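A quick write-up on the structure given underneath.
The values are calculated or read from the model by the stated rules, or taken from the named source; none is laboratory data. None of these values were measured; they are calculated from a predicted model. Positions of Cβ are backbone-derived with ideal geometry, glycine not excepted, and every protein chain shown enters the neighbour counts. Remember, those area values only see protein heavy atoms, side chains included, never the ligands or the DNA or RNA. Shrake-Rupley method; radii C 1.70, N 1.55, O 1.52, S 1.80 Å.
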Amino acid sequence: MKIKTTVHIHFTKYSWENEGRFQAISYEIKDDINHTYVGPQEIEVDVPDHFDPRSAQIAALEKQQQKVMADFRKSITDINRRISELSALEQA
């Protein structure tokens with residue numbers, strides 16, 4: 001299926017680059033030293049007829065879940081280490 005959407009065209013050039021580039025972004029960035037707003041542009045994009053974003057969303061949530069669990073395990077390990085250190089000081 002074809003969908004129409006509006007993108008915002010910006011010219012971007014950083015000081016370390018020889019040449020800048022045009023970018024299409026879904027939102028407008030205010031002009032600054034690196035970005036110059038060119039203007040809005042309506043484009044037409046082909047999207048698969050039966051596009052379903054749920055599998056990608058589930059994968060992203062599972063990745064986020066793994067990170068949260070790893071951060072939790074690290075926090076528990078740090079807390080247990082600190083408890084052990086403090087307990088050792090009490091007995092000394």
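Any chance you could count how many residues in the range 19-39 are more than 21 Å from the chain's Cα centre (by Cα), surrounded by 11 or more Cβ atoms within 10 Å (Cβ to Cβ) and either of a type in the set (Gly, Ala, Ser) or within 24 Å of residue 4 (Cβ to Cβ) (or both)?
3
Pick from the range 44-66 the residues that are in a loop (DSSP other than H, G, I, E, B) and charged (D, E, K, R): which of them is surrounded by the fewest Cβ atoms within 10 Å (Cβ to Cβ)?
Step one: list which residues in the range 44-66 are in a loop (DSSP other than H, G, I, E, B), which gives 47-53.
Then keep just the ones that are charged (D, E, K, R); that gives 49, 52.
Values: 49: 6, 52: 8.
The residue in question is 49.
For the range 40-51, how many residues are of a type in the set (Phe, Trp, Tyr) and under 10 Å from residue 2 (Cα atoms)? Before you say what the answer is, go through the steps one by one.
If we filter the range 40-51 for residues that are of a type in the set (Phe, Trp, Tyr), which is where we start, we get 51.
Filter again for under 10 Å from residue 2 (Cα atoms), leaving none.
Number satisfying all stated conditions: 0.
Counting only residues that are more than 25 Å from the chain's Cα centre (by Cα) and open to solvent by 100 Å² or more (accessible area, probe 1.4 Å), how many does the range 67-92 have? Can you show your working first?
Just the residues of the range 67-92 that are more than 25 Å from the chain's Cα centre (by Cα), to begin with: 76-92.
This time we only want the ones that are open to solvent by 100 Å² or more (accessible area, probe 1.4 Å), so: 81-82, 89-92.
Qualifying residue count for the region: 6.
Is it fair to say residue 13 is out of contact with any helix residue (DSSP H, G or I) (no Cβ under 8 Å at 6 or more places or on another chain), without any contact (Cβ under 8 Å) to a residue 12 or more places away in the chain and not small (Gly, Ala, Ser)?
Considered against the rule, which asks whether it is out of contact with any helix residue (DSSP H, G or I) (no Cβ under 8 Å at 6 or more places or on another chain), without any contact (Cβ under 8 Å) to a residue 12 or more places away in the chain and not small (Gly, Ala, Ser), residue 13 comes out as no.
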